[in-house]
Amino acid sequence: MSVDEPQLKRRPGKDTVGALSPDKQLHQDSSNSVGAGSRAGVSELVRNSSSYAFMAVVVLSFITRYYRIWDPAQVVFDEVHFGKFASYYLRREYYFDVHPPLAKMLIALGGWLIGYDGHFLFEKIGMDYMSNGVPYMMLRGWVALFGLALPPLVYMIMAESGYSVIASLLAALLVTFDNALVTQGRLILLDNIMIFFMLASVYSYVKFFKQRYHPFGVQWWTWLLSTGVMLGCVVSCKLVGLFTIALVGVAVIFDLRRILDIRRGNTMLEFWQHFVSRAFALIAVPVVLYLSFFAIHLAILTRTGPGDAYHTSQFQMQLIDSPLAKSSFDVHYGDQIAIRHRETGVFVDSNSGRYPLRYEDQRVSSQGQQVTGAKDKTDNSFWIIKPMVNQEAFAQFVARRQAGEEISKDELNKWVVHHTDLVQLQHAATGSNMRTHDVASPMTSTNMEFTTLALNDTAHAADTVWKLEIDGAKSNSTLLKTSSSFIRLVNNKHGVAMWTHPKKLPEWGHGHQEINGKKDPTAKSTLWAITEIRGRQITAEEVEEMAKKQSGMSFLEKFVELQGLMIKHNNALTTVHPFQSTPLSWPFLTRGISFWTDAAQRKQIYLLGNPIGWWVSNLALLAFFAGLVMLEAYGMRDIDLVGSIVRRHILRSGGFIAFAWFIHYFPFFMMGRSLFLHHYLPASIFAYMMVAACFQFIFVHPYQLFTLRSWSSRARALLPSYSTGLVFAVLVAIQVATFVFFAPISYGTSTLTAEQVNSRRWLPGYDLHFQK
Amino acid sequence: MNSRKDAKRGSVVGKKATSTQEPQSKFVAYPLLQEPVTTSVPYQRNKWNPSIDGSLILLLTMVCAFTRLYRIGRSNRISWDESFFHSRFPNQYLNRSYYHDVHPPLAKLLISLSRFAVDGNNRTIEPKGNYPPDFNYTFTRCFTALFGIGLAPLAYLTCLHLNMKRKTCFLAGLFVIADNALCVMSRFVLLDTPLLFFTAATLCSIAGFQNTRHYAFSPAWWQWLLLTGLSLGLVSSCKWVGLFAVALVGLYTVEELLNMYTDFTPVTTALRHFGARVAALIVLPLAIYMASFAVHFAVLNRSGSGDATMPPAFQARLHGSKLNHQPFTVMYGSVLDLRSMHPGSGLLHSHPHKYPDGSQQQQVTGYSHSDSNNNWMVMRVGNGFNYTSDPLLQVKDGDTVRLMHKRTSAMLHSHRAHKAPVSTGNYEVTAYGKPEWSDTNNEWRIEIHKEDSSVTNGEIHAITTQFRLRHIVTNCLLSAAAVKLPPWGFRQTEISCSRSQDLRSAANLWVVERHINSRVPSVDMRPMVKMSFISNFIRLHLEMARSNNALIPDRDKYNHLESDPWSWPFLVYPMRMLGSWNKGDIKYYEVGNPLIWWVSTLMCLLYPLQLAYYHVRKARGISGVWAPGEELHFWNAGKLLWGGWALHYLPFFAMGRVTYIHHYLPALYFAILLLTFEIDHFCRRSTLGSRSQAAVVTICAIGVLAVFCWFAPLTFGHTGSIGDLKYRQWLPTWNIYRDKYAM
């Protein structure tokens, strides 16, 4: 067989290895290596070994994932969230979460298929499923299907990437017997589903890359589109999927650079065809999918629910039964309104009390009437909103209204309040206008004091004019509404905005909050809402009318809003969690996460990888990088250590796996949010693959046999030498033994004594429960 | 790609022949298409011409001096950070009292020296308001402006080293002169000006070094190598931003050494190269850097505002420090302030507030300020000892002691029943119980770790003895790891009892900072303490890093001074250099020359695209684009300029601390030279004749000078109504005559 593959001259359809059909070749290889004296049975076994190995992986994966999947019959760790979200889908109630919807919708789909109605809300870890009538076993079984698929996928990726059966099997078995993947793989959690799509993308891309000498063929398009679809799915499960996209993106850049090379004989037109088809499949398709999943998400969640409050009022009012829609109506000039601070929830209050002449720090006040923030709404909390234009007509309008005259709708509509209107606010109880002036506020000396001004004081009337800005309004015709509009009151003369903060005034302020003028009106804390119009009740007729009138948000507007909130809240997940950890500690597995405990029976589930497996994979990564540096260093001096074909396979396939590990791990170092051990799971799978890659390089000879294969072949087998088989057996045996040893805390199915717990505390960081 | 690499190899050492002669042993990906390497001619090296270059440099220097010095003493107001760098820190140096700051000392020392030269050391300048009428602040301003003036000739020289045409070299000098931001920052006493100068000097030297690479170990080669090292040392002693220049030179050196490796440079030659670079680029700068700190420590020999940031042994050596004189040997009944050896953990402290959870006993925290709540009395176990009349008894290694909080008479206590509030793996430490009670949970064993003193006898001595306190009942160690408590603990440090038996961890080590015992005579501590420069140096750096990271922006604060890094290259938020902006005030505005800023930003974005474009052309086999050596030139000059820009700009995105627009100035200097380089590149690659090229250069020069003059009132100070400067607000975000927060 030709070892010196003339890849330069490769043109579509001229596959030199194709001279032998894959099957024949396979037969030839295996009979060669088995030797003349071997029996036909062994030969047969070797020939079919790939299928046997694959089946073995499936069966073992099934056993490890589904072993007593009904145990424990309680809510475990993040099932709190993802079970709850599934219930919300089934109830069609709107919720908010930082992750994209696909994985959660898939969980819900399982629930829907088995007829679960979403009545249970998974409020606390340890709640009982049985007594609450939740078909949790079916739900777990459904999600575990994705977990079940991981080891077979690993096998397929390795087999397609030019590794022997024994190396592919090694990778798959290491993944099968990893405790963290098993624990995570049998509960109602997102990571399984995400990792499934991640591996599926990688598998599709490998298949696609193998079609490189048959571009634009049916197979080529199939696997290219499949890569795009899977990438779309993985990023729709968790934004971590972006790392997988980066992985494929970098591989594509290298591939395009290869195609671009003039020595490959492609025309520029061909290059652009390659470029555009990849851009379409790997950018456009995932984007469309990502958007579609959100469209489905929003189409399902049409009812008001716990997620309302995260959104703008416009968004909320589109949800069926939104409480906001029922309390939102136009404000008219002359209305008595109560104004409430968005962040601290106090009402703008003015009692006839005055500011003391001298404060404790010897500063002097205006001794004006206090304007403060009160927790409770009283008669002092109402302000009459007055326009600055058409004041005569307004006076007549008010007079007629007070006389109890019926006012037509059209006329009433002339007195609605708009964005950027100039207004005055007259305190209903004392009849003076709200004012701010250049006197330092009692507790915040850099801000301006708020007080009131008698109506007949015209000299300072400019202090009492406010520009009313509605947050997020784009045009001056936006109407001021109760509840749903957030407003800023910016003094027209001084440019300061009404603001308050949670500090309480001293005794003379009755424990109210200080209200003053903030010089930066754009701050979030200057937002207020109008919660009530005195004496105004909504009529059934109005509710109906409003439902008709509701200005719809387009899907894209909703999507942009939701996406922005997701990113914002994801970055804000900084509250310290007792089980969070730093990325640096993950590969060394210095600490796990307590998922669930049962004190009575001394059972627990503790997320922990297979320590030996993880440490061995660290060694493999280290060995690979050291080897890479050595190859490069010799290569720079034009010395070839391993032969060009092996070298290319190491760089291409090994490099791909190593980069996959890197890109799924290192970005976490730059994240500000709280991080957890399970964020390393995607990378850990690639680390296991690295073990197999190193194994193949060191123990499987001749290496070329596997790296040089036609596009259609699968993993091929040699009867391994005794030493190779021994190393394989030892690696797998250690992995299985460690897995079994830690299984009680991975499954949480058996009671452990204190000694048993302590014997599993290999590192001081393993803070298992029931150590005493 | 390949042939460029080969060309580079050929030109560096000229040994390309070895690889082509032995095709058998060579690993070649594409053997059939290997192109023969034809040239290794260096690309039109500039030669120093004394009359032309000398006069051009003189001209640039004079023009630059005019712009930097014109009416420099006009405003007698302490402007912007002059309050720190012209008054506060020089005050400290002049009266020699120890202070703490985030910046290394060199630039501040230079400024203090110039203030000393003109004004002596007999007064302090208040850091607010105006300079005293008899104080010659103009002198110091002129002194720092010298660094700003040096920037223009350096730019010219650098471009000359980068083998640009003289026309464009001159243009580089003009660009530097005509940038309003560089100009206005040079006119005040700030650290940025020396920093910029030394950064520019580094670039100039490394460019000169690159230019002499064919003449390794010649005097000129040594000269530029040593100058590079010297300026690296100086720049990093001004501000830590100088480390980006170190990174640039480091990367350059790595590339050079790798090339030598690929070129089969003989090992002995390679080792000589390596050794020379280690000596000049690592040892020399480090020596300069450390020397600047040695001077810093030597000058500041009195107690001052920064004492508390340094370990007690350091403080004990400062004149006038409270730690200078105190009783040396700790006796039972002594009252102690115990300091944790962990930086930032502070003194063992307690106050009459309770823990909100856990045992709800009295809090014990770490507090960094001196306070009577830090006083603990060391007591024996049991009540049979009279601390005022019984004979004095030394506290020894291995003794079991109790510590009583003096103000509340509560005992230092720990217990297994409760976890520490934040470090939940540790036990809670509280102050609990009365001295008369017998409670084994109050008992701690003294374990001496180290005695840094001339007297080592197993007794506890003030300041010099490091020891652990081991809780007898639970066998845990009293520990302070600089973990902050939530608001209920007033954000002081958490004190816990650590179950880890890490005997060397600084968190578990304590030292007696102050020792009060009226029955023991006080002694001068200075002969007793041993202190090494290196340990002071390291400790100071830990503290500097901590306070640097603590400069966290408060997003809710009303502030028009800070700006985010993304906005700098686009000149979105220039900065007012004065708080008061009324008619009659001399108003300085830190706005760059928009033409230079915007076009140079464009070039910084363009350069990588150009590299990619040329790479693709090569991959497509489009040959004949380059004159001999031109491609190498494009890479060699461009990598230094673009790399310098990227290294001085991008790291700011990763910084959590507050950032200001003048943090961009070093990067801007690189961007300006890159802009010049691109103009040079354009002139060479286009078919323009030398006259048209001159026309291009003239138009560029006139353009930037015109814009400079247009913004000159803001650079040289504007006294009239700001409304006069109407058409100078080119972006709506600028706050020249309108505060962006005003309505």
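Restricting the search to region B:95-121, which residues are under 16 Å from B:Asn136 (Cα atoms) and open to solvent by 20 Å² or more (accessible area, probe 1.4 Å)? Give the steps one after another, and end with the answer.
Within region B:95-121, the first condition is being under 16 Å from B:Asn136 (Cα atoms), and the residues that meet it are B:111-121.
B:Leu113, B:Phe116, B:Ala117, B:Val118, B:Asp119, B:Gly120, B:Asn121, listed by residue number.
For region B:343-387, give me each residue that is in contact (Cβ under 8 Å) with a residue 60 or more places away in the chain, under 20 Å from B:Arg514 (Cβ atoms) and among the β-branched types (Val, Ile, Thr).
Matches in region B:343-387: B:Val364, B:Thr365.
Conditions (1) open to solvent by 40 Å² or more (accessible area, probe 1.4 Å); (2) assigned to a loop (DSSP other than H, G, I, E, B), marked per residue:
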position: B:Thr430; (1), (2): no, no
position: B:Trp437; (1), (2): yes, yes
position: B:Gln466; (1), (2): no, no
position: B:Val473; (1), (2): yes, yes
position: B:Ala481; (1), (2): yes, yes
position: B:Trp488; (1), (2): yes, no
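Can you report the number of residues in region B:59-107 which are under 27 Å from the mean Cα position of the chain (by Cα) and small (Gly, Ala, Ser)?
5
For region B:499-526, which positions are in contact with a helix residue (DSSP H, G or I) (Cβ under 7 Å, 6 or more places away or on another chain), in a loop (DSSP other than H, G, I, E, B) and either within 14 Å of chain A (Cβ to nearest Cβ) or open to solvent by 10 Å² or more (accessible area, probe 1.4 Å) (or both)?
In the first step, residues of region B:499-526 are kept if they are in contact with a helix residue (DSSP H, G or I) (Cβ under 7 Å, 6 or more places away or on another chain); the result is B:502, B:511, B:513, B:525-526.
So of that shortlist, the ones also in a loop (DSSP other than H, G, I, E, B) come out as B:502, B:525-526.
Listed by number, the residues that qualify are B:Asp502, B:Arg526.
Which condition number does B:Leu157 fail, the rest of (1) in a helix (DSSP H, G or I); (2) open to solvent by less than 30 Å² (accessible area, probe 1.4 Å) being met?
(2)
Tell me which residues, restricted to region A:197-220, are free of Cβ contacts under 8 Å to residues at least 24 places away in the same chain and closer than 23 Å to A:Tyr290 by Cβ.
Answer for region A:197-220, where residues must be free of Cβ contacts under 8 Å to residues at least 24 places away in the same chain and closer than 23 Å to A:Tyr290 by Cβ: just A:Phe208.
Any chance you could count how many residues in region B:253-288 are within 14 Å of chain A (Cβ to nearest Cβ) and surrounded by 18 or more Cβ atoms within 10 Å (Cβ to Cβ)?
Result for region B:253-288: 5.
Has region A:169-191 got any residue that is of a type in the set (Val, Ile, Thr) and within 30 Å of A:Phe271 (Cα to Cα)?
Going through region A:169-191, the residues of a type in the set (Val, Ile, Thr) turn out to be A:175-176, A:182-183, A:188.
Applying the additional criterion that residues be within 30 Å of A:Phe271 (Cα to Cα) yields none.
No - not one qualifying residue is present in region A:169-191.
Taking into account only those residues within region B:582-611 that are in contact with a helix residue (DSSP H, G or I) (Cβ under 8 Å, 6 or more places away or on another chain) and charged (D, E, K, R), which is modelled with the lowest pLDDT?
Per the stated criteria, the residue is B:Lys583.
I'd like the full set of residues that are at the interface with chain B (Cβ under 8 Å from one of its Cβ atoms) and either part of a loop (DSSP other than H, G, I, E, B) or touching a residue at least 40 places away in the same chain (Cβ under 8 Å) (or both), limited to region A:631-643.
So the first thing to find is which residues in region A:631-643 are at the interface with chain B (Cβ under 8 Å from one of its Cβ atoms), and the list is A:633, A:635-640.
Correct list: A:Arg637, A:Asp638, A:Ile639, A:Asp640.
Given the criterion open to solvent by less than 10 Å² (accessible area, probe 1.4 Å) and either within 26 Å of B:Trp635 (Cα to Cα) or free of Cβ contacts under 8 Å to residues at least 60 places away in the same chain (or both), identify the matching residue among B:Ser218, B:Ser205. Spell out the reasoning first.
Numbers: B:Ser218 fails: open to solvent by less than 10 Å² (accessible area, probe 1.4 Å).
So the residue among B:Ser218, B:Ser205 that is open to solvent by less than 10 Å² (accessible area, probe 1.4 Å) and either within 26 Å of B:Trp635 (Cα to Cα) or free of Cβ contacts under 8 Å to residues at least 60 places away in the same chain (or both) is B:Ser205.
Could you tell me whether any residue of region B:156-177 is β-branched (Val, Ile, Thr) and under 27 Å from B:Asp101 (Cβ atoms)? Before you say what the answer is, go through the steps one by one.
So in region B:156-177, the residues β-branched (Val, Ile, Thr) come out as B:158, B:168, B:176-177.
Retained after the next criterion (residues that are under 27 Å from B:Asp101 (Cβ atoms)): none.
Within region B:156-177 (the criterion being β-branched (Val, Ile, Thr) and under 27 Å from B:Asp101 (Cβ atoms)), the answer is no, since none of the residues qualifies.
Would you confirm, using the coordinates I've provided, whether A:Tyr333 is open to solvent by less than 30 Å² (accessible area, probe 1.4 Å) and of a type in the set (Ser, Thr, Tyr)? Give the steps one after another, and end with the answer.
Values: open to solvent by less than 30 Å² (accessible area, probe 1.4 Å): yes; of a type in the set (Ser, Thr, Tyr): yes.
So A:Tyr333 fits the description; yes.
Among the residues of region A:717-734, are any modelled with pLDDT under 95, among the polar types (S, T, N, Q) and not in a helix (DSSP H, G or I)?
Scanning region A:717-734, I find at least one residue that is modelled with pLDDT under 95, among the polar types (S, T, N, Q) and not in a helix (DSSP H, G or I), so the answer is yes.
Could you tell me whether B:Arg728 is surrounded by 13 or more Cβ atoms within 10 Å (Cβ to Cβ) and either over 13 Å from B:Asn180 (Cβ atoms) or among the small types (Gly, Ala, Ser) (or both)?
Details: surrounded by 13 or more Cβ atoms within 10 Å (Cβ to Cβ): yes; either over 13 Å from B:Asn180 (Cβ atoms) or among the small types (Gly, Ala, Ser) (or both): no.
It is false that B:Arg728 is surrounded by 13 or more Cβ atoms within 10 Å (Cβ to Cβ) and either over 13 Å from B:Asn180 (Cβ atoms) or among the small types (Gly, Ala, Ser) (or both).
So which residues in region B:696-725 are hydroxyl-bearing (Ser, Thr, Tyr), farther than 17 Å from B:Ala181 by Cβ and touching a residue at least 12 places away in the same chain (Cβ under 8 Å), if there are any at all?
In the first step, residues of region B:696-725 are kept if they are hydroxyl-bearing (Ser, Thr, Tyr); the result is B:698, B:715, B:719, B:721.
When the remaining residues are screened for being farther than 17 Å from B:Ala181 by Cβ, the result is B:698, B:719, B:721.
Of everything in region B:696-725, those that are hydroxyl-bearing (Ser, Thr, Tyr), farther than 17 Å from B:Ala181 by Cβ and touching a residue at least 12 places away in the same chain (Cβ under 8 Å) turn out to be B:Thr719, B:Ser721.
Report, by residue number, each residue of region A:650-659 that is over 26 Å from A:Thr738 (Cα atoms) and either within 14 Å of another protein chain (Cβ to nearest Cβ) or out of contact with any Gly (no Cβ under 8 Å at 6 or more places or on another chain) (or both). Reasoning before the result, please.
From region A:650-659, those over 26 Å from A:Thr738 (Cα atoms) are A:650-656, A:659; that's our starting set.
Listed by number, the residues that qualify are A:Ile650, A:Leu651, A:Arg652, A:Gly654, A:Gly655, A:Phe656, A:Phe659.
For region A:72-107, name all the residues that are touching a strand residue (DSSP E or B) at 6+ places or on another chain (Cβ under 9 Å), closer than 14 Å to A:Gly307 by Cα and assigned to a loop (DSSP other than H, G, I, E, B).
A:Arg92, A:Tyr94
Of the residues in region A:517-552, how many are modelled with pLDDT of 80 or more and away from every other protein chain (no Cβ under 14 Å)?
7
Quickly run through region A:566-588 and pick out the residues that are more than 14 Å from chain B (Cβ to nearest Cβ) and in a helix (DSSP H, G or I).
Residues satisfying the conditions are A:Met566, A:Ile567, A:His569, A:Asn570, A:Pro583, A:Leu584, A:Ser585.
Can you find a residue that is in contact with a helix residue (DSSP H, G or I) (Cβ under 8 Å, 6 or more places away or on another chain), surrounded by fewer than 23 Cβ atoms within 10 Å (Cβ to Cβ) and closer than 28 Å to A:Gln184 by Cα anywhere in region A:695-705?
Filtering region A:695-705 for residues in contact with a helix residue (DSSP H, G or I) (Cβ under 8 Å, 6 or more places away or on another chain) gives A:695-697, A:699-700, A:703-705.
Those still in the list that are surrounded by fewer than 23 Cβ atoms within 10 Å (Cβ to Cβ) too: A:695, A:697, A:699-700, A:703-705.
Within this subset, residues satisfying the condition of being closer than 28 Å to A:Gln184 by Cα are A:695.
Among the residues of region A:695-705, at least one is in contact with a helix residue (DSSP H, G or I) (Cβ under 8 Å, 6 or more places away or on another chain), surrounded by fewer than 23 Cβ atoms within 10 Å (Cβ to Cβ) and closer than 28 Å to A:Gln184 by Cα, which makes the answer yes.
For region A:440-537, please list each of the strands (runs of 3 or more DSSP E) lying entirely inside it that holds at least 2 residues being without any contact (Cβ under 8 Å) to a residue 60 or more places away in the chain and buried (at least 20 other Cβ atoms within 10 Å of the Cβ).
Working: elements: A:448-453, A:466-470, A:486-491, A:497-504, A:513-518, A:528-533.
Where strands (runs of 3 or more DSSP E) fall fully within region A:440-537 and carry at least 2 residues being without any contact (Cβ under 8 Å) to a residue 60 or more places away in the chain and buried (at least 20 other Cβ atoms within 10 Å of the Cβ), they are A:466-470, A:486-491, A:497-504.
Can you spot a residue in region A:115-134 that is assigned to a helix (DSSP H, G or I) and either under 28 Å from A:Tyr606 (Cβ atoms) or open to solvent by 60 Å² or more (accessible area, probe 1.4 Å) (or both)? Walk me through how you get there before you give the answer.
At the first step, the residues of region A:115-134 found to be assigned to a helix (DSSP H, G or I) are none.
The answer is no, given that none of the residues of region A:115-134 is assigned to a helix (DSSP H, G or I) and either under 28 Å from A:Tyr606 (Cβ atoms) or open to solvent by 60 Å² or more (accessible area, probe 1.4 Å) (or both).
Taking region A:589-622 as the search range and keeping residues that are away from chain B (no Cβ under 14 Å) and open to solvent by 60 Å² or more (accessible area, probe 1.4 Å), which one is farthest from A:His701 (Cα to Cα)?
In this case the residue turns out to be A:Ala600.
Within region B:646-657, can one find any residue that is over 26 Å from B:Ile177 (Cβ atoms), out of contact with any Phe, Trp or Tyr (no Cβ under 9 Å at 6 or more places or on another chain), surrounded by 14 or more Cβ atoms within 10 Å (Cβ to Cβ) and outside the structural domain of B:Lys239 (by TED's automatic domain parsing)?
The answer is yes, given that some residue of region B:646-657 is over 26 Å from B:Ile177 (Cβ atoms), out of contact with any Phe, Trp or Tyr (no Cβ under 9 Å at 6 or more places or on another chain), surrounded by 14 or more Cβ atoms within 10 Å (Cβ to Cβ) and outside the structural domain of B:Lys239 (by TED's automatic domain parsing).
If you check A:Arg435 against the conditions, is it open to solvent by less than 50 Å² (accessible area, probe 1.4 Å) and among the basic types (Lys, Arg)?
Values: open to solvent by less than 50 Å² (accessible area, probe 1.4 Å): yes; among the basic types (Lys, Arg): yes.
The answer is yes for A:Arg435.
The values are calculated or read from the model by the stated rules, or taken from the named source; none is laboratory data. Here the structure is a predicted model, which means the values were calculated and not measured. Cβ atoms come from the backbone with ideal geometry, glycine included; neighbour counts cover every protein chain shown. Side chains included, ligands, DNA and RNA excluded: accessible areas come from the protein's heavy atoms. Shrake-Rupley method; radii C 1.70, N 1.55, O 1.52, S 1.80 Å.
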